[in-house]
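Nothing in this text is a laboratory measurement; each read-out follows from the coordinates by a stated rule. None of the values given here were measured: they were computed from a predicted structure. Quick reminder, even Gly has a Cβ in these numbers, built from the backbone with ideal geometry, and neighbours come from all protein chains shown.
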Amino acid sequence: MNWISFFICIFLTFSQITCSGLFELKLKSFRNDKGVNSLNRCCSEKQSINGLCLGSCKTRFRVCLKQYQAEVDTTSSCTFGSAATIILGDNTFNLTQSSIALKSQLQKDSRINPIRFPFEFTWPGAFTLIVEAYHDSSNDSESRSTTESLISRFSIQGELSVAANWTQYSSKQLTKEIEFEYRVTCESNYYGAGCETLCRERDDNFGHYACTASGQRMCLSGWHGNYCDKPRCSVGCNLEHGHCEKPNECICKAGWKGPNCDECEVYPGCVHGYCVKKWDCICKEGWGGLFCNQDLNFCTNHKPCHNGGTCTNTGQGSYTCKCPPGYTGVDCEVKIKDCTANPCLNNATCLDTIDGYKCECNYGWTGKHCETQTVTCASKPCLFGGICHDSNKGAGCDCPTGYSGKFCETHVQNCSPNPCQNKGECIAVKDHYQCQCAKGFRGLNCEENIDDCHGNPCKNGGTCIDGINQYQCKCVSGYTGENCEKRVDFCLTKPCANGGSCIKVNNGFQCICRNGFTGNDCSQDIDECLSSPCKNGATCINRVNSYECQCIDGFQGVNCDEAVSSQLVHQASTSTYQEAQIGRSENLTFIQIILIAFLSIAVPFVAVCGITVIVCMKRKRKREQEKDDAEARKQNEQNASHITHLHQHHHNSIIAIKRTSNSSNALENSTHHMIKNTWDKSVNNMNMSNSVSMDDGCMLNTNNSMYGAMSNFNDNNNASSAGINTSQLLSSTDGYQSQIVPQQTLQRAKSQKQLNTDPAVVNRASLIMHRQQHPAKEITLDKRISSMLGEASWSGNSAASTSRQMDRCSPPHI
């Protein structure tokens with residue numbers, strides 16, 4: 001095998017050296033109109049008087065194939081290969097239409113055309129091709145000398161995939177033009193995008209495969225493996241116990257047999273044995289020994305005992321038979337005919353008869369030979385209260401209800417499990433049961449569904465579907481109801497559109513359509529333009545039950561079939577809009593026109609009325625506001641006159657309090673009383689005795705009146721020199737207040753504005769008015785307050801008595 005491997009390696013090595021692909025270039029035509037070279041000189045170096053070249057160029061080609069270059073370099077080497085041709089023609093020639101002699105020459109020399117560049121590497125795809133045309137000055141067409149001058153040079157840079165198709169190329173340079181084609185193909189046994197995959201078809205000892213289009217090995221039928229050198233055995237062949245040397249065979253290994261080599265062979269010489277694996281000898285039942293040839297079970301294999309005798313193996317090839325009653329002999333083959341052999345068992349008495357013998361059994365035994373023991377009532381065999389009675393065959397039992405069996409040992413449960421089907425109710429009886437079936441079922445076990453469709457209750461061709469204690473009718477089209485007795489009125493759904501009238505017919509409806517509509521449900525508008533009524537190139541517009549023709553200039557009429565004069569063309573064009581409006585209005589009904597006219601008048605009228613109402617309401621609200629403001633100003637003036645009386649007494653009480661207070665903090669944070677009008681427009685009457693409150697401590701708040709704390713003060717009540725206090729002093733002023741301030745009310749006016757009364761003005765006015773009205777009373781009150789303060793001993797009031805201070809609660813003094 002080593003030398004085979006060596007030759008394989010040598011073969012693969014030489015295979016890699018051979019050509020893998022081929023670049024081919026086929027010249028088709030060349031044209032040099034003036035017969036000049038690349039320097040624009042005549043190839044023949046002869047020129048006529050008018051400048052034309054005399055003679056022609058002897059044209060040959062050089063081809064260079066190299067790797068891709070972004071900028072073509074003509075001086076670098078041709079890495080993929082180069083070639084040169086013989087002289088193919090003069091200034092202009094076409095190789096596809098050459099003479100027979102030239103074609104035969106080209107066919108003989110494969111280097112001429114097409115020009116081939118074999119390569120031994122993976123084709124890269126990108127390439128650069130340079131084709132140069134030269135003038136050869138030698139006269140030998142076969143020569144490839146260097147006495148030549150360049151006529152023109154053509155180059156290609158691009159991508160080229162491996163394919164059998166030729167790529168066409170043509171190029172023109174002023175007066176020179178060339179045309180050729182080229183391609184890249186893989187050599188035989190090479191595949192892939194770059195001819196890099198080698199695959200040679202073979203069918204020999206080294207493989208059995210063909211090659212796919214991509215160069216992959218494809219095994220022939222019956223072979224598999226990497227190199228398709230392994231045969232496929234027959235289907236089902238156990239490859240663990242068999243093999244094959246060619247396809248579709250199965251050769252078994254030693255110790256195995258069968259068509260699939262899955263049956264083991266016993267050890268040679270094994271007689272009565274079998275195998276699990278190869279060369280086993282496992283003895284069958286009744287056989288023993290190394291080769292399973294010794295009979296260990298003569299009774300099983302030969303069955304020597306007759307007439308139901310029982311055979312017992314006693315050794316290799318020996319046995320004994322135990323005969324049943326009435327038979328005797330080695331193999332129980334002799335039938336006993338009299339009492340000589342004493343056939344009766346269990347001490348039974350044997351009696352000879354004409355036909356043989358008879359056994360009279362003792363109590364508790366039965367059978368022809370008294371071989372069967374019976375149960376008697378002495379042993380009380382009956383269970384669950386059964387009644388026992390003896391007989392020749394033994395004891396018997398009469399079982400109570402619900403029990404059965406020879407000795408009443410079986411508890412009969414006729415309804416457990418429930419034998420009644422389909423939710424039937426089981427009722428147990430003495431020795432059986434009864435089923436009370438649910439509605440819709442019947443039978444012994446309620447297994448039968450009552451056919452509710454019996455008699456076919458469905459009418460008008462309806463199909464009855466049976467259910468459980470019910471049925472359902474599947475009605476044909478046009479009928480409904482429980483029994484399909486009602487005819488369907490399809491017109492109730494109003495199937496007819498566009499104002500069509502519905503007529504009820506059998507199993508359906510029929511629509512009578514209005515003019516201009518058609519279809520089963522009148523939903524299709526009839527296109528009156530289908531008949532092309534408009535003439536002379538006019539445009540037809542479909543309308544409901546009508547059409548409209550828009551005429552071109554120069555025609556008029558319903559169908560634009562009337563020619564008009566040139567004087568009327570302008571008039572017709574100016575009235576186009578009015579006619580269009582009239583045409584649109586013709587499609588409206590009278591009711592729609594009335595409705596449009598009514599809405600065009602009613603909507604502006606309603607808008608004007610709404611604006612008028614809003615303006616009037618705003619003016620009315622403004623007048624009411626001005627009226628309320630005037631009443632508020634008038635009422636505030638009245639309130640101001642009443643407040644002057646109150647501030648006079650407020651001034652006197654504050655003087656007394658400041659003289660008798662231990663500190664000035666009692667009235668430090670007080671403010672003048674302010675009467676405020678609320679946002680409520682209702683009139684609120686304020687009683688001076690109940691409604692005036694103290695503001696920030698400047699006026700004491702009591703439950704009786706604004707100056708209620710002075711109610712106990714009068715001319716006849718004198719305060720104690722040792723126990724007088726502020727509250728007593730204030731209460732003593734009430735008598736005086738009641739004399740000078742009458743019970744009057746203050747009113748709040750209807751206004752949304754707030755009245756802020758100036759405290760200074762009000763206090764000055766009240767003081768002046770009071771002094772003018774009651775000069776004597778004020779003097780008397782001041783004297784009394786002074787005498788009270790002089791007699792009382794207040795701590796820390798020296799400052800209050802010596803200096804009269806002004807604070808925010810004190811009224812101004814003149």
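Brief remarks on what is shown
- For the stretch 254-400, size of Cβ-based charge dipole, Lys and Arg +1, Asp and Glu -1, in debye: 140
- Charges were assigned to the Cβ only: +1 to each Lys and Arg, -1 to each Asp and Glu. The resulting dipole of the stretch 330-393 about its Cα centre is roughly 280 debye.
- Building the convex hull from the alpha-carbon atoms of the stretch 327-456 and averaging its projection over directions returns 15.6 nm².
- Compactness of the stretch 199-292 - radius of gyration and Dmax, Cα, Å: 20.4, 69
- Convex hull (Cα only) mean projected area of the stretch 278-338, reported in nm² to one decimal: 4.4
- P(r) histogram, all alpha-carbon pairs of the stretch 414-454 included - 5 Å bins from 0, percent: 6, 29, 28, 18, 10, 5, 3, 0
- Dividing the Cα radius of gyration of the stretch 252-355 by its Kirkwood radius returns 1.33 for Rg/Rh.
- Taking the stretch 369-492 and dividing mean pair separation by its residue count, relative contact order in percent (alpha carbons under 8 Å, at least six apart): 12
- Note on the stretch 384-489: Cα-Cα pairs beyond 21 Å make up 61% of the total pair count.
- If you take all other residues with their beta carbon under 14 Å from the beta carbon of TYR327, and give Lys and Arg +1 and Asp and Glu -1, the sum is 0.
- Rg/Rh for the stretch 145-261 (Cα atoms only, Rh after Kirkwood) is 1.41.
- Hydrodynamic radius of the stretch 423-568 per Kirkwood, over alpha carbon pairs, in Å: 21.9
- The stretch 390-461: relative contact order as a whole-number percent, Cα under 8 Å and 6+ apart: 18
- Trypsin sites (Lys or Arg not before Pro) restricted to DSSP loop in the stretch 180-261 with at most 16 other C-beta within 10 Å: ARG200, LYS253
- The stretch 346-405 pair-distance distribution - Cα-Cα, 10 Å bins, rounded %: 23, 37, 23, 13, 4
- Rg over Rh, two decimals, the stretch 515-565 (C-alpha only, Kirkwood Rh): 1.12
- Secondary structure note: in the stretch 170-266, about 100% of the DSSP beta bridges are antiparallel.
- Net charge over other residues, Cβ less than 9 angstrom from the Cβ of CYS350 (K, R count +1; D, E count -1): -2
- Alpha-carbon centroid distance for the pair the stretch 239-298 / the stretch 607-633, whole angstrom: 127
- The GluC sites (Glu not before Pro) of the stretch 250-336 that DSSP puts in a loop, and whose beta carbon has at most 11 other beta carbons within 10 Å, are GLU285.
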